[in-house]
Ligand SMILES: [Zn+2]
């Protein structure tokens, strides 16, 4: 039995707080097409610049009791929440996998998914920086950290094609980019054709390509199924409770897909195993 990774997980937690703090900047600025580098952070209400000591992840929010030092207006709960979520998942991933490139891959994936959860929830936007940029990052990882899937193995095997492990992993990633996103796009296209209204944004399709690049076809399909079920259930309840207009309410589908993708990345291998055992 290896030593428990307490120190490593604690460091990952602190690092996650910093990354979460940067994600908050991306969540606010990318949907507005602003740079994430300059200007320095400022209060969105009174535009006073935020001093470094008021910009410490989690701690500053607690010390300021969730209010801007300048104008006293409330700071969104999203800031500490994104920092805590990122830190918690980073610590959990390092605890499970140790300190290695595999953990780096899953930390990058989860960080992007957390950001997408909130840009879609707040702005109904899934920025290309995360979806398309993330697809490229997932593909770039695939020769080095093997994609946990068998779809490409099965399909290429039927065609009598066989590549070394790294090549097969790139194939799994490519299949993951194309198949689930393609299925979702086709579903949305048919819905629009027959119902005459837009059922889903292209951002959702691009996000599925990103998830597939990291997790392969099965992980992405698990994401689609879990995200759709959770989205329609919770969406229905929300519409009923808040008496929203069913016709015009736009569900943040990307938020549910992102949450489902985190679930698929963390619990996916176990769920797929359990399901395969049932067959
Ligand atoms: Zn202020």
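For the range 218-244, how many residues meet the condition of being more than 16 Å from the chain's Cα centre (by Cα) and closer than 14 Å to residue 260 by Cα?
Matching residues across the range 218-244 total 5.
Just checking, does the range 76-93 include any residue being in a loop (DSSP other than H, G, I, E, B) and within 13 Å of the ligand (Cβ to nearest atom)?
yes
If you scan the range 45-72, which residues turn out to be within 14 Å of the ligand (Cβ to nearest atom), touching a helix residue (DSSP H, G or I) at 6+ places or on another chain (Cβ under 7 Å) and part of a loop (DSSP other than H, G, I, E, B)?
64, 69
Residues being more than 24 Å from residue 226 (Cα to Cα) and in contact with a helix residue (DSSP H, G or I) (Cβ under 7 Å, 6 or more places away or on another chain): count how many of those fall in the range 164-180.
Looking only at that region, the number is 2.
Tally time: how many residues in the range 26-56 are farther than 17 Å from residue 82 by Cα, surrounded by 13 or more Cβ atoms within 10 Å (Cβ to Cβ) and touching a residue at least 24 places away in the same chain (Cβ under 8 Å)?
2
All of the numbers you see were taken from the coordinates with simple rules; none came from a lab. Note that the coordinates shown come from a computational prediction; the quantities given were computed from them, not determined experimentally. Virtual Cβ from ideal backbone geometry, glycine too; neighbours counted across all protein chains shown.
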